[in-house]
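Encoded as structure tokens, the structure appears first; notes follow it.
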Amino acid sequence: MSHTQISRRSFLAGSAFGAALSTLAAPLATSAEEVTKPKIQGFDETDTDVNVAEKWEPFTDRKLKMGIVGFGLCQFGAQFELQNHPNVEVVAVSDLFPDRCAGLAKACRCEKTYESLEEMIKDDSIEAIFIATDAPSHCDHVIKALKAGKHVASAVPAIFGSLEDADRLYEAVKESGLFYGMFETSSFHDDVYMARKIYKAGGFGKMIYTEGEYYHYGVGTLAGYKNWRRGLPPQWYPTHSNAYYTCVTGNSFTKVSCVGFRSGLEEYQKDANPWDNPFGTEVALFSTSEGGSARMAVSWDSCGWGGETGRMRGEVGAVNGGYAPLNDATREIVEKLGELRKPALPPTVGAGGHGGSHGYLGSNFVESVLKNRHPLVNVAVALNTTVPGVVAHLSALKDGEQLDIPQYAMW
């Protein structure tokens, strides 16, 4: 019986599919019109393992006509390489601030601009919209775009602190018959991509225990449109950590007990934030739909270190950086998979930040629409990743009381 751990590099080097590793970085546009972007965690995480031996193959000449909304603090509108995808034409861009709108237009090499999303969705030439606006507006903006007949992708989180909005979004996507995808970056981290393939092949069995951590390195939260990030309840922004379970297994969290740390930072004191939130850190213990458990932590309190990471322990295999099979039978399952690295992107598309995930999320959404299939992080996965954090915060406010979590499934 073998207990040797298989890392991504060691396994691939020994397999028939082994190839040179590649580091891809998405280019960032620079412009006098752009707002000054501070150093933000995730945007410098560009190392990623890519199977460069297998080239990306064109599958259609059609270009999806897209609109992009939002170029604020993170300049996310231009971060997911949509403007560089060979099957995309960015038809128009929008931001409420003229200087940011001009910066987004230059970054996307697009001449047509709109003063607002509400004006953009009236443009019948636009087939799909990427929404990178402030988090409290995501749900309303997605629903407006869906009702206007557009396929929609959005930045995280899908909804912001409201269980009612989760149901509204779910029903809007279902009724529209259109595609929705949430750009959750952890879903294309190298270890999550590898673990997802192994899990689907049976290389974990059931997942017994999972950990996910989103620790931000800054002192307190960043700013944002109308200061929405000030005093933000950590578990209202849970997707970078929760994805280490939901985007590996496709399963969900069913119950939660959460403990919050009452932060000493000024923005968490009484009446200092619009969310009436005292917690700078929240650690949630979840029950999962397959009978396991998960510890998912989100922290804005700074100790000088930050990261987005996780670990997975199944019945017959585990991941903590690399994959550790329980026995030779489990190892054989993984060896039959062959390639565990992410596939090559179109040559014009960079992998980008957040662990080389940006280009993959953009490409996954575009190809999903053009191939008539749901994106990886579809509305059910998006809500099963986001909603547990909303319930977790409620639990923290109730001193860790265990609460049930709403469940979502594709139709």
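Excluding N251 itself, what net charge comes from residues whose Cβ is under 11 Å from its Cβ, given Lys and Arg +1 and Asp and Glu -1?
For residues surrounding N251, the net value is 0.
Charges on Cβ only, +1 for Lys and Arg, -1 for Asp and Glu, centred on the Cα centroid of the chain; of A53, L376, F76, which one is farthest towards the dipole's positive end?
The residue sitting farthest along the positive end of the dipole is A53.
First select every other residue whose beta carbon is under 10 angstrom from the beta carbon of L64; then total the charges, Lys and Arg +1, Asp and Glu -1.
Result for the local shell: 0.
Which whole-angstrom value gives the distance between the alpha carbon centres of region 130-186 and region 377-411?
Answer, in whole Å: 16.
Once you wrap a convex hull around the alpha carbon atoms of region 179-312, what is its projected area averaged over all directions, in nm²?
Answer in nm², one decimal: 9.1.
In nm², what is the average projected area of the convex hull enclosing the Cα atoms of region 262-411?
Spelled out: convex hull of the Cα atoms, projected over all directions, averaged, 13.3 nm².
Of all beta bridges DSSP finds with both residues in the chain, what is the antiparallel percent, to the nearest 5?
55 percent
Let me spell out the model: positive unit charges on the Cβ of Lys and Arg, negative unit charges on the Cβ of Asp and Glu, origin at the Cα centre of the chain. What dipole size does that give, in debye rounded to 20?
It comes to approximately 680 debye.
Using a 4.7 Å cut-off between beta carbons, which cysteines in the chain end up with no partner cysteine at all?
So, C74, C101, C139, C247, C258, C303.
Given a 1.4 angstrom probe, I'd like the percentage of the accessible area of the chain that is carbon and sulfur, rounded to a whole number.
Of the solvent-accessible surface of the chain, carbon and sulfur hold 51 percent.
Report, ordered by chain and residue number, the lysines lying within cross-link reach of K398, taken as a straight Cα distance under 20 Å and ignoring same-chain residues fewer than 8 apart.
Correct list for K398: K255, K270.
Might you report the magnitude of the Cβ-based charge dipole of region 283-393 about its Cα centre, with Lys and Arg at +1 and Asp and Glu at -1, to the nearest 20 debye?
160 debye
Can you list the lysines whose alpha carbon sits under 22 Å from that of K342, skipping same-chain ones fewer than 8 residues off?
K55, K197, K200, K371
Using the heavy atoms of the protein chains and a 1.4 angstrom probe, tell me the accessible area per residue for the chain in square angstrom.
Counting only protein heavy atoms, the per-residue value for the chain is 40 Å².
Express in Å², to the nearest 10, the accessible area of V192 obtained by rolling a 1.4 Å probe over the protein heavy atoms while all chains stay in place.
0 Å²
In a shell of Cβ-Cβ distance under 13 Å around M120, excluding M120 itself, what net charge do Lys and Arg (+1) and Asp and Glu (-1) give?
-2
Once Rh is set to the Kirkwood radius over Cα pairs, what Stokes-Einstein translational diffusion coefficient, in µm²/s, holds for region 103-190 at a temperature of 25 °C and a viscosity of 0.890 mPa s?
Result for D is 178 µm²/s.
Between F183, F261, F160, which gets the highest mean-square fluctuation from a Gaussian network model of the chain, Cα cutoff 10 Å?
F261
The values are calculated or read from the model by the stated rules, or taken from the named source; none is laboratory data. Since the model is a prediction, treat every value here as computed from it, not as a measurement. Methodologically, a virtual Cβ is constructed for each residue, glycine included, from the backbone with ideal geometry; neighbour enumeration extends over all protein chains shown. When the accessible area is computed, the model is the full protein with side chains, heavy atoms only, and any ligands, DNA or RNA have been set aside. Shrake-Rupley method; radii C 1.70, N 1.55, O 1.52, S 1.80 Å.
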